[in-house]
Amino acid sequence: MPRTPDGVAAADGAGGPGRGRSVAAGVLTALAALLVVAVLVGPDRLDRLGPGAFLRIPLEGLLGLALLIALPRRGRRVAVLMAGPVLGLLAVLKLADLGFRTALDRPFDLVLDWALLDDAYGFLRDAAGRAGAVAAAAGALLLAAAVLLLMTLAVRRVARSAARHDRAATRVVAALTVAWVVCAAFGVPVADAGTTALVGAHAAAVRERLHDRGAFGATIAADAYRDVPGDQLLTALRGKDVVLAFVESYGRSAVEDPGLASGVNPVLDTGYQRLRARGYAARSGFLTSPTAGGGSWLAHDTLLSGLWIDNEQRHRALLASDRLTLNGAFRRADWRTVGVLPAATQPWPEGVFFGYDGYYDSAALGYRGPKFSYAPMPDQYTLATFQRTERAPADRPPVMAEIPLISSHSPWTAVPRMVGWDEVGDGSVYANPAARIEGPPEAGRATAQARAGYRQAIAYSLESLVSYVETYGDDDLVLVFLGDHQPSPVVTGPDASRDVPITIVARDPAVFDRISGWGWQDGLRPGHDAPVWPMNDFRDRFLAAFGPAAHPSAARAVR
């Protein structure tokens, strides 16, 4: 062993293996500590993700490190075995929140959102194929397991280092605690207690879900229209075909965000000019949707039932009830009710609750053309098939149809073009490349590409509706079209409203006389100051407007 000039043995040379191992161990410990801090202070929103978000002192980290220093060896081991997996679960929860906020503009629901994993798998299977969906699911499971293991190893390494250097670790904790208190006192964002707030918010959401499970049943039962006879419902619409069309992801941003409205508003404005030339009028407003980015069925539930359905628990409670829906009111009043669901590629258990007289899923619509991204068929084909099967036959009863249009469903990578209505046929025409819009010109930048694709898809869906009315409309057609929800924050940006446009189109002036008190604006496009209602208000307001004016239930329902 080499010796120094004063005779003291040196463990290794300056560049020897011992020094190298010591440096490597120090680096690993520092990385472990940084990983723990990153999990504690990391944001759960994409718009807050940046270097500044990690330059914080987590209060939970200081308390945890102080505990590890104070505990005896055996207690420290137990604490590590508990804290490691807990931090791993926290990391997984933050990743889940990050994903849900990016896609659905809300955090992950610990009680209810597990059921959505199956829907997510189905979306991936439709968009990327079965192999891609299986690979994504396996990758997600492996990532979760790896995070749990990695966090446990990181906490153990930090704990061992703190135990070996307890005096230095104590001084560091004391200094950082003073810094945290000073920063908190002066409002400096370096002082962080975000993990406590996050856990508290999720715990409160769990309590709310458990309480709402019982309370919502009473809300469902309170219905002013529950026992109204059919001959007293919708009397002002007798003999008319009423089409209720949901335009997928058609939100307020589509008509107000300059980058989106530049491609959408011309379709609405020129479309209205064309419809006015044929004797039609239109009135528009806004509804606030219970969901954003996805979960279209929650919006359908809300509008049709007159109840605020913003989660799976309420959705299931509604389906188990006998609540009168808007389509149910039409059926009670002797309309033929029809559900046209081009995206229904699997059995649809909700059909039992909604009870349509006629139901067309993807298979029943008989489409023989190519898919367009997520959408199994173009909106124009859906409308053409509905016209041929339900409105074209003679000697039929009036029809009320709910039609969710899906060409504007994410990921907006393939958009159809309009073709002649006499060319639609069985959909084979869409195999022609001329019937497909090429990829957005902004390709290469994810956000810009998504916004461009969304803009094109919404414009196509709205043009399909305008052209349908031009081609097949008559004095007895009443079209109500609206968005189900805003698109994801990738398109709208953070903190967008949950408002969606809604429009009524008809040729009969009596229709608009009935809604003159609504304050809705003329045209297919609501202005910025157009009225905004909660979406669950629509059922009662619609039934009141088009029922007997003096009916007592109508007066109670709209208060």
Requested in this report: Would you be able to tell me the number of residues in segment 359-395 that are at negative phi, among the hydroxyl-bearing types (Ser, Thr, Tyr), within 26 Å of the chain's Cα centre (by Cα) and assigned to a loop (DSSP other than H, G, I, E, B)?
Outcome: 2
Requested in this report: Scan segment 411-433 and report the pairs whose first residue is within 15 Å of residue 465 (Cα to Cα) and whose second residue is open to solvent by 20 Å² or more (accessible area, probe 1.4 Å) and acidic (Asp, Glu), with Cβ atoms within less than 7 Å and a gap of 6+ or a chain change.
Outcome: 418/463
Query raised in the report: How many residues does segment 373-416 hold that are surrounded by 23 or more Cβ atoms within 10 Å (Cβ to Cβ) and of a type in the set (Ser, Thr, Tyr)?
Result: 4
Query raised in the report: In this structure, does residue 422 turn out to be open to solvent by 10 Å² or more (accessible area, probe 1.4 Å) and not in a helix (DSSP H, G or I)?
Result: no
Report summary line: Of the conditions (1) buried (at least 17 other Cβ atoms within 10 Å of the Cβ); (2) under 25 Å from residue 26 (Cβ atoms); (3) not aliphatic (A, V, I, L, M), the single one that residue 195 does not satisfy is (2)
Requested in this report: Could you identify the single residue in 475, 484 that is open to solvent by 10 Å² or more (accessible area, probe 1.4 Å) and at pLDDT 95 or above?
Outcome: 475
**Report entry** Unmet criterion (only one of (1) over 32 Å from the mean Cα position of the chain (by Cα); (2) without any contact (Cβ under 8 Å) to a residue 24 or more places away in the chain; (3) open to solvent by 50 Å² or more (accessible area, probe 1.4 Å)) for residue 125
**Finding:** (1)
Query raised in the report: Taking the stated definitions as given, is residue 206 surrounded by fewer than 17 Cβ atoms within 10 Å (Cβ to Cβ), out of contact with any helix residue (DSSP H, G or I) (no Cβ under 9 Å at 6 or more places or on another chain) and under 20 Å from residue 106 (Cβ atoms)?
Result: yes
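Every residue, every condition in (1) outside any loop (DSSP other than H, G, I, E, B); (2) touching a residue at least 12 places away in the same chain (Cβ under 8 Å); (3) in contact with a Cys (Cβ under 8 Å, 6 or more places away or on another chain), yes or no:
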{"position": "188", "(1), (2), (3)": "no, no, no"}
{"position": "208", "(1), (2), (3)": "yes, no, no"}
{"position": "214", "(1), (2), (3)": "yes, no, no"}
{"position": "218", "(1), (2), (3)": "yes, no, no"}
{"position": "223", "(1), (2), (3)": "no, yes, no"}
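The values are calculated or read from the model by the stated rules, or taken from the named source; none is laboratory data. Small disclaimer: the values here were computed from a predicted structure and weren't measured. FYI the Cβ positions are ideal-geometry reconstructions off the backbone, even for glycines, and counts take in every protein chain you see. All accessible areas refer to the heavy atoms of the entire protein, side chains included, with ligands and DNA or RNA removed. Shrake-Rupley method; radii C 1.70, N 1.55, O 1.52, S 1.80 Å.
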